[in-house]
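Here is the structure we will look at, set down as structure tokens.
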Amino acid sequence: MDALSHLLFLHPVRAALDIRCRFGQPWHLQHVAQPQGIAPYHFILAGQAQLQWGDGEPLALQAGDLVVLVRGAAHGLFTAPAAQAAAVRVASTTAPVALHVNGQAGEGGPALSDFLCGQFTFDAPHSHALMQALPDLLWIRGAELPEGHGLRTLATLLRDECGGSEGIDGIEARPGAQAVVASLAAALFGLAVRAWLAQSGPTPGLLALLAHPLLHKAMQAMLEAPAEDWSLPRLAALCHMSRATFIRRFAEVGASTPAQVLLQLRMAQAARLLSYSKQATAQIGEAVGYQSEAAFNRVFRKYSGMGPGAYRRQARAAGEERQ
């Protein structure tokens, strides 16, 4: 497994696609701030939009652009100021993906805006390490994606499954559409992170370490075998650096120390095993480098705020609720 896949596997992110909007008139939508761990996203399928967040100038979004508000900031999405836009109300619904239509693009009229809205949820405590490695705004520019890129293909598939040109009942009329949309939405986050790394380069953190031409070797080794005794000399040798150079470069790129990153990876692996495996706590502790169950329990409690047993019960209860 490649390092990015391994990292995404260890830090689970749930994805949901909630709304598709097809607007033919000037429109303006306001989105309130979300709780920690919820990152709303907007995927522009056709037409244009502007995104206002923070105090800066609005960002001009084009067809193919994907924006993710990683820390759930309040924001506005629009084609015209609120005073000049048609009243648009996007109401919640029990449908798999709600389709909202506001006018049509007439002859010589404004271009149709067609976009998807959903959210990524970093609900596992250990997933916050991945969230912290991302910027406040993840902006992937569709025009810069190469022909045949996965996000381009995914946009087409999502548009077709979410009704295409069939109208409001399109998704309900397609057998299996709800399951297909859920699977496609789950793939969206990984493709977005990959595209962002290619277009913008990572901010200091886990993803920057993965992208570094030498330091990624240390990350790959720790991801593949978190239980190993990864001493500084051993990691530095993997990266063909002196110990001092390795420590300095790791801190610059990762904004952390090798010991802190190894702890994050070990606890992420332990949390996943507690959530999905039937292994005893002592076995899980040993699998991530702790010979003493008491030592593992102490470290895991400090990291996650609860003991392994409580974490396992909570994770399984949350999984049952989502089923």
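Laboratory data are not the source of any read-out in this text; all were calculated from the coordinates shown. Small disclaimer: the values here were computed from a predicted structure and weren't measured. Cβ atoms come from the backbone with ideal geometry, glycine included; neighbour counts cover every protein chain shown.
How far is helix 308-322 tilted, in degrees, relative to the longest principal axis of the Cα atoms in the chain, given as a value from 0 to 90 rounded to the nearest 10? For helix 308-322, the angle is close to 20 degrees. Between A294 and D123, the FRET efficiency from the beta-carbon distance, with R0 = 25 Å, is close to 0.30.
Stick to the Cα atoms of the range 128-265, pair each with every other, and give me the Kirkwood hydrodynamic radius in Å at one decimal. With all distinct Cα pairs of the range 128-265 included, I get 17.5 Å. Note on H6, H75: ascending count of other Cβ atoms within 10 Å places them as H6, H75, the fewest first.
Can you tell me the FRET efficiency between Q178 and T203 if r is taken as the Cβ-Cβ distance and R0 is 51 Å, rounded to the nearest 0.05? Result of the calculation: an efficiency of 0.90.
Each Cα pair under 8 Å and six or more residues apart adds its separation to the average, and for the chain the resulting relative contact order is 19 percent. Summing Lys and Arg as +1 and Asp and Glu as -1 over all other residues whose Cβ lies under 15 Å from the Cβ of Q34 gives a net charge of -1. Extension gain, S231 to Q30, is 67.4 nm, computed as 0.36 nm per intervening residue step minus the present C-alpha separation. Applied to the range 247-264, the Karplus parametrisation 6.51 cos²θ - 1.76 cosθ + 1.60 on θ = phi - 60° returns per-residue 3J(HN,Hα) values of 4, 5, 5, 4, 5, 5, 7, x, 6, 6, 9, x, 5, 5, 5, 4, 4, 4 Hz, with x for Gly and Pro. In the chain, helical runs assigned H by DSSP with n ≥ 4 each contribute -39500 (n - 2.57); averaged across all residues and rounded to the nearest 500, the mean residue ellipticity at 222 nm is -13000 deg cm²/dmol. State which stretch of the chain is the longest one without any exposed trypsin sites (Lys or Arg not before Pro), exposure meaning a DSSP loop state and at most 13 other Cβ atoms within 10 Å. No qualifying site falls inside 90-277, the longest such stretch.
Working note: Debye formula, equal point scatterers on the alpha-carbon atoms of the range 206-322, no solvent; log10 I(q)/I(0) at q = 0.13, 0.18, 0.20, 0.21 Å⁻¹ is -0.55, -0.90, -1.01, -1.06. Across the chain, Cα-Cα distances exceeding 34 Å account for 32% of all pairs. Loop sites by DSSP among the GluC sites (Glu not before Pro) of the chain, restricted to those with at most 14 other Cβ atoms within 10 angstrom, leave 1-106 as the longest stretch without any of them. Note the angle between two axes, namely the Cα long axis of helix 293-304 and the longest principal axis of the Cα atoms of the chain, as a number of degrees from 0 to 90, rounded to the nearest 10. On a 0 to 90 degree scale, this one is about 30. For the range 271-283, 3J(HN,Hα) computed residue by residue from phi via the Karplus equation (6.51, -1.76, 1.60; θ = phi - 60°) reads 5, 5, 5, 5, 6, 10, 9, 9, 5, 5, 4, 4, 5 Hz, glycine and proline entered as x.
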